[in-house]
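S.K.: Structure below; questions to follow.
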Amino acid sequence: MRGIKFVVLAAAVAGMFFTATTLKTQAQISVNVGVAPDCPYGYYDYAPYNCVPDGYYGSEWFNGGVFVGVGPWFHGSNDFHGRVDNTFDPQHGYNGERPKVGDKAAAQRRAPEKFKGNEERDGRGHTHGGKG
């Protein structure tokens, strides 16, 4: 009888160790986003990252004439907020002409002081709702 009690006690203690120790597995995820689209006025901040028309982004989205990017290609600071005119966004009903990947910007872009954005974004898909 003593032997059975000892085996049951040993099994109970071993069971406690197995349930108290959780196995951890480390997941390794690698995401290759590829090269950013070559769009003259930038691209939307959601897949499939189509090119946006002139007038979608305000001047703060460009550094030396080069788009700072959005989504996985964003190269701005963590506290960046830039104005957009989301009336040029297909998710808000726009179905007008957009440039194709690889097109070049028009020689005369609209003046930055005339840009009237209606929304503020951070480049990572978050809207801040500020008026431009």
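S.K.: Out of Gly15, Gly65, Gly3, Gly69, report the one residue that is on the phi > 0 side of the Ramachandran plot and modelled with pLDDT under 85.
M.R.: Testing whether each residue is on the phi > 0 side of the Ramachandran plot and modelled with pLDDT under 85 leaves just Gly65.
S.K.: Do we find that Tyr41 is of a type in the set (Ser, Thr, Tyr), more than 17 Å from Gly125 (Cβ to Cβ) and touching an Asp or Glu at 6+ places or on another chain (Cβ under 9 Å) in this structure?
M.R.: yes
S.K.: If you don't mind, there's one more thing I want to ask. Taking the stated definitions as given, is Gly102 exposed (fewer than 11 other Cβ atoms within 10 Å of the Cβ), farther than 19 Å from Glu120 by Cβ and in contact (Cβ under 8 Å) with a residue 12 or more places away in the chain? Before the answer, list the steps.
M.R.: Numbers: exposed (fewer than 11 other Cβ atoms within 10 Å of the Cβ): yes; farther than 19 Å from Glu120 by Cβ: yes; in contact (Cβ under 8 Å) with a residue 12 or more places away in the chain: yes.
Taking the combined requirement at face value, the residue satisfies it.
S.K.: Quick test of your reading of the structure: Tyr49 fulfils all but one of (1) assigned to a helix (DSSP H, G or I); (2) modelled with pLDDT of 60 or more; (3) aromatic (Phe, Trp, Tyr). Name the failing condition by number.
M.R.: With respect to (1) assigned to a helix (DSSP H, G or I); (2) modelled with pLDDT of 60 or more; (3) aromatic (Phe, Trp, Tyr), Tyr49 is out only on (1).
S.K.: Could you check how many residues of the range 46-81 are of a type in the set (Phe, Trp, Tyr) and either closer than 11 Å to Arg124 by Cβ or surrounded by fewer than 14 Cβ atoms within 10 Å (Cβ to Cβ) (or both)?
M.R.: Within the range 46-81, the subset of a type in the set (Phe, Trp, Tyr) is 46, 49, 56-57, 61-62, 67, 73-74, 80.
Now restrict to residues that are either closer than 11 Å to Arg124 by Cβ or surrounded by fewer than 14 Cβ atoms within 10 Å (Cβ to Cβ) (or both): 46, 73-74, 80.
Total meeting the criteria: 4.
S.K.: Across the range 52-106, which residue is nearest to the chain's Cα centre (by Cα) among those that are of a type in the set (Ser, Thr, Tyr) and in a loop (DSSP other than H, G, I, E, B)? Before you say what the answer is, go through the steps one by one.
M.R.: Filtering the range 52-106 for residues of a type in the set (Ser, Thr, Tyr) gives 56-57, 59, 77, 87, 94.
Then drop every residue that is not in a loop (DSSP other than H, G, I, E, B), which leaves 56, 77, 94.
Values: Tyr56: 17, Ser77: 14, Tyr94: 21 Å.
So the residue we want is Ser77.
The values are calculated or read from the model by the stated rules, or taken from the named source; none is laboratory data. Keep in mind that this is a model prediction, so the values were computed, not measured. In this analysis, Cβ positions are derived from the backbone assuming ideal geometry, glycine residues included, and neighbour counts consider all displayed protein chains.
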